[in-house]
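What follows is a short report on a single structure.
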Amino acid sequence: MILSTHSVVGAGAAYAITGNPFVAFLVGFTSHFILDAIPHWEYTFSEKFSNLDFKSKSFWVDGSKIFLDFFVGFILVLLFLQGSFSVNYVIWAGFLGGVLPDAIQFIGFNPKLKPFFWFRTIHSKIHCQLNLLDQPISGALFQFVLIISVLLIF
């Protein structure tokens with residue numbers, strides 16, 4: 001799944017389930033792995049990105065995709081809050097829990113950082129082996145429908 005899907009589902013599920021920000025974070029965090037276990041589409045990264053080659057153009061192109069995706073999720077969650085930076089810790093904790101596993105995954109590209117590298121290995125094993133990487137339109141459409149459904153339900 002892409003970050004915007006993880007962020008909206010994490011925030012929406014947390015809001016629906018709990019009023020406690022700590023539990024909301026755990027709900028968002030758990031929702032990340034549930035979504036990753038479902039067959040899905042996601043954008044792929046270049047080898048330069050995986051190797052943290054900050055000097056390569058492809059690293060910055062991939063990084064821009066991630067930033068844009070994160071920003072779209074952030075804006076959608078803001079819209080979920082009716083356009084305000086309302087201090088709703090439950091929603092923001094769910095948002096953070098929903099996207100954090102992918103941030104840890106990024107740090108885990110460096111094998112010298114053993115706990116993060118271990119997490120990356122576990123995270124990769126949870127991902128559904130049946131993916132929609134060769135079907136970007138239907139894969140993105142599925143996630144769009146999922147985001148809209150969550151926003152309408154919660």
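The values are calculated or read from the model by the stated rules, or taken from the named source; none is laboratory data. The structure presented is a predicted model; accordingly, all values stated were derived computationally and were not measured. Cβ coordinates were reconstructed from backbone atoms using ideal geometry, including for glycine residues, and neighbour counts include every protein chain displayed.
Considering only residues that are modelled with pLDDT of 80 or more and in contact with a helix residue (DSSP H, G or I) (Cβ under 6 Å, 6 or more places away or on another chain), look in region 121-144 and name the one that is nearest to residue 29 (Cα to Cα).
123
Tell me whether region 133-145 contains one or more residues that are in contact (Cβ under 8 Å) with a residue 60 or more places away in the chain and among the aromatic types (Phe, Trp, Tyr).
Within region 133-145, one or more residues are in contact (Cβ under 8 Å) with a residue 60 or more places away in the chain and among the aromatic types (Phe, Trp, Tyr).
Inside region 120-143, can you point out the residues that are within 22 Å of residue 69 (Cα to Cα), part of a helix (DSSP H, G or I) and not hydroxyl-bearing (Ser, Thr, Tyr)?
Within region 120-143, 120, 123, 126, 136, 137, 139, 140, 141, 142, 143 qualify.
Among (1) surrounded by 15 or more Cβ atoms within 10 Å (Cβ to Cβ); (2) modelled with pLDDT under 80; (3) within 18 Å of residue 125 (Cα to Cα), which single condition is residue 36 missing?
Single failed check for residue 36: (2).
Any chance you could count how many residues in region 107-126 are under 21 Å from residue 8 (Cα atoms) and surrounded by fewer than 17 Cβ atoms within 10 Å (Cβ to Cβ)?
The number of residues fulfilling the criteria is 1.
Restricting to region 88-111, what's the tally of residues that are modelled with pLDDT under 85 and within 13 Å of the chain's Cα centre (by Cα)?
Number satisfying all stated conditions: 2.
Hey, among the residues in region 12-24 that are more than 16 Å from residue 73 (Cα to Cα) and among the hydrophobic types (A, V, I, L, M, F, W, C), which one's surrounded by the fewest Cβ atoms within 10 Å (Cβ to Cβ)? If you could, list the steps in order and put the result at the bottom.
Initial filter on region 12-24 (more than 16 Å from residue 73 (Cα to Cα)): 16-24.
From the residues that got through so far, the ones that are among the hydrophobic types (A, V, I, L, M, F, W, C) too are 16-17, 22-24.
Details: 16: 14, 17: 17, 22: 12, 23: 16, 24: 29.
Of everything passing the filter in region 12-24, 22 is surrounded by the fewest Cβ atoms within 10 Å (Cβ to Cβ).
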